[in-house]
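Student: Quick one: structure below, then a few questions.
The values are calculated or read from the model by the stated rules, or taken from the named source; none is laboratory data. Computed from a predicted structure; not experimentally measured. Virtual Cβ from ideal backbone geometry, glycine too; neighbours counted across all protein chains shown. Surface areas here come from the heavy atoms of the whole protein model, side chains and all, with no ligands, DNA or RNA. Shrake-Rupley method; radii C 1.70, N 1.55, O 1.52, S 1.80 Å.
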Amino acid sequence: MDLKEKAKTLLYDFKGEEYALGIGILNEVGEYAKKYGEKVLLISNDTYRETAVTEVKKSLKKNNLKIAGNRIFPGANPNAPREDVYRLAGYLHTFEADSIIVIGGGSTIDAVKAANIVASLGHYSPHIDEYFGTGIVTEALQHSKEHLIPTIAIQTAASSGAHLTKYSNVTDLVSGQKKLIVDNAIIPHKSVFDYAVTETMPLKVTIDGAFDGIAHCLEVFYGIDAENYDLEKEIASTAIELIVKNTPKVINDLHDTEAREALGLATDLGAYSIMVGGTNGGHLTSFSLVDVSSHGRACGIMNIYYTVFFAPAIEEQLKVLGDIFKKNGYIDVDINNLNGRKLGEAVAEGMIKFAKEVNFPTTLSELDGFTDQHIERALKAAKDPQLDMKLKNMPIPLDASLVDEYMGPILEAAKTGDLSLIKNMED
């Protein structure tokens, strides 16, 4: 079985009939929506999604469905600002649709998930801050006897996998900090991804999305428990190899549909990963870089350096990843003769070599607007109890008292590219 077929089998095992994926499938959206009622609130934004919106509107018309407000409502800005969440919640309150169709990337889908919470649970609490954390939405739904509006999420970018997951990231633009809702109740009722639509995405968005997919798989694989190790190994190795093999192909030809499909499958597997286990260091730090970097870009940079820090605890995982980078020409040394930190450094160097080949930054200093204040912000955020799950998910767990001692050097290394600055727990 080749990598793509393996990915499709894994995704079917994950979502079954709840997920429609492939090429040319947007004409089926109306069929999915009509079972919820005849009135649909349609949310999308920017010209990159024009093709998808046109196909969805045709499908809705064919199935005699009405578009609430007779217009398409704009989605969210990058990183799902809380202002956009409240604006979208206003649309849901005003137009009282039977279902929501959201067309977009991770930010718009995340914002709609959060807006659905605010609109549906306003009597419980109208403040999105009340729902940050794990399982709080489910608890509120049980307490209030309310329900969320059925949502069909149509993904347009191979990146976050937001259309498949229980996560919603929301950003406070004033503080420059992102926070997270984690709850099975917010998983979209139906998910759709026509991989051909990603051909309209700019190259930078595509590359950032690829590294977002790697981050989901890599971080979960690093911190996975023994019970789920074999499953996550299969998910992560399949996805990461698809990305490593196909990202250079997309750079050479933005309309390489086969390579685009491969990246879509890989980043969908990233979504599967974060439903099997949790992300950790790279994601935690990325939440403090929202004003200077996309999510995928921040995670892609940071995971190079967390790899060295975690190395003594993840030798099995590093051998798997190292093999992928080695057979694709990014590692020259024999990783089988390495262990601990030396193994981590070899894999990190392979990650750096791959990143440079696809013109992806490998240090925080390369991000426009980055300053030492971002390091201070990241260290402060890591001590926030609402983000404590990321510290606990690390293969080498930290608590707030250890953040400055160990995470500080990781961030300094990420700033300069000097791996020697990283301090391992055994040092």
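Student: Kindly provide the set of residues from the stretch 163-208 that are out of contact with any Asp or Glu (no Cβ under 8 Å at 6 or more places or on another chain), of a type in the set (S, T, N, Q) and open to solvent by less than 10 Å² (accessible area, probe 1.4 Å), ordered by number.
Tutor: Passing the criteria: 165, 171, 198.
Student: May I ask you to verify whether residue 150 is buried (at least 24 other Cβ atoms within 10 Å of the Cβ) and outside the structural domain of residue 356 (by the TED database)?
Tutor: No, not satisfied.
Student: While we're here: Which residue is least open to solvent (accessible area, probe 1.4 Å), if the candidates are limited to the stretch 395-427 and must be of a type in the set (Ser, Thr, Tyr) and at pLDDT 95 or above?
Tutor: Filtering the stretch 395-427 for residues that are of a type in the set (Ser, Thr, Tyr) and at pLDDT 95 or above, the one least open to solvent (accessible area, probe 1.4 Å) comes out as 406.
Student: Can you list residue pairs whose Cβ atoms sit under 7 Å apart, with the first residue in the stretch 97-125 being in the same structural domain as residue 180 (by the TED database) and the second being among the basic types (Lys, Arg) and surrounded by fewer than 24 Cβ atoms within 10 Å (Cβ to Cβ)? Count only pairs 6 or more apart in sequence or on different chains.
Tutor: Close Cβ pairs satisfying both conditions: 97/39; 98/39; 103/49; 104/49.
Student: Within the stretch 131-184, how many residues are free of Cβ contacts under 8 Å to residues at least 40 places away in the same chain, among the hydrophobic types (A, V, I, L, M, F, W, C) and closer than 13 Å to residue 117 by Cβ?
Tutor: 2
Student: Sticking with this one: Report yes if residue 368 is without any contact (Cβ under 8 Å) to a residue 40 or more places away in the chain and either at negative phi or within 22 Å of the chain's Cα centre (by Cα) (or both), otherwise no.
Tutor: So residue 368 does not fit the description; no.
Student: Turning to a different aspect of this structure: Return the total of residues in the stretch 279-294 being of a type in the set (Ser, Thr, Tyr) and either closer than 18 Å to residue 392 by Cα or open to solvent by less than 10 Å² (accessible area, probe 1.4 Å) (or both).
Tutor: The qualifying residues number 4.
Student: Out of everything in the stretch 82-114 that is small (Gly, Ala, Ser) and more than 23 Å from the chain's Cα centre (by Cα), what residue ends up being farthest from residue 212 (Cα to Cα)?
Tutor: Among them, the one singled out is 97.
Results for (1) farther than 24 Å from residue 224 by Cβ; (2) over 24 Å from the mean Cα position of the chain (by Cα); (3) in the same structural domain as residue 282 (by the TED database), shown as yes or no for each residue.
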| position | (1), (2), (3) |
| --- | --- |
| 322 | no, no, yes |
| 327 | no, yes, yes |
| 331 | no, yes, yes |
| 336 | no, yes, yes |
| 342 | no, yes, yes |
| 346 | no, yes, yes |
| 350 | no, no, yes |
| 356 | yes, no, yes |
| 359 | yes, no, yes |
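Student: Could you grab the pairs with beta carbons closer than 6 Å, sequence gap of 6+ or different chains, first residue in the stretch 333-350 and over 15 Å from residue 418 (Cβ atoms), second one aromatic (Phe, Trp, Tyr)?
Tutor: Note: pairs meeting the criteria are 350/325; 350/330.
Student: Turning to a different aspect of this structure: In the stretch 222-260, what residues are among the charged types (D, E, K, R) and either crowded, with 24+ Cβ neighbours inside 10 Å or under 14 Å from the mean Cα position of the chain (by Cα) (or both)?
Tutor: Of everything in the stretch 222-260, just one residue is among the charged types (D, E, K, R) and either crowded, with 24+ Cβ neighbours inside 10 Å or under 14 Å from the mean Cα position of the chain (by Cα) (or both), namely 260.
Student: With the structure loaded, tell me whether residue 106 is open to solvent by 10 Å² or more (accessible area, probe 1.4 Å) and closer than 25 Å to residue 20 by Cβ or whether it fails that test.
Tutor: Yes, satisfied.
Student: Among the candidates 28, 5, 17, single out the residue that is on the phi < 0 side of the Ramachandran plot, open to solvent by 20 Å² or more (accessible area, probe 1.4 Å) and in contact (Cβ under 8 Å) with a residue 40 or more places away in the chain.
Tutor: Just one listed residue meets the conditions, 28.
Student: So which residues in the stretch 117-169 are among the polar types (S, T, N, Q) and either closer than 23 Å to residue 277 by Cβ or within 23 Å of the chain's Cα centre (by Cα) (or both), if there are any at all?
Tutor: Answer for the stretch 117-169, where residues must be among the polar types (S, T, N, Q) and either closer than 23 Å to residue 277 by Cβ or within 23 Å of the chain's Cα centre (by Cα) (or both): 134, 138, 151, 155, 156, 159, 160, 165, 168, 169.
Student: Quick check on my filter: what residues within the stretch 36-53 are out of contact with any helix residue (DSSP H, G or I) (no Cβ under 9 Å at 6 or more places or on another chain) and at pLDDT below 95?
Tutor: 46, 53
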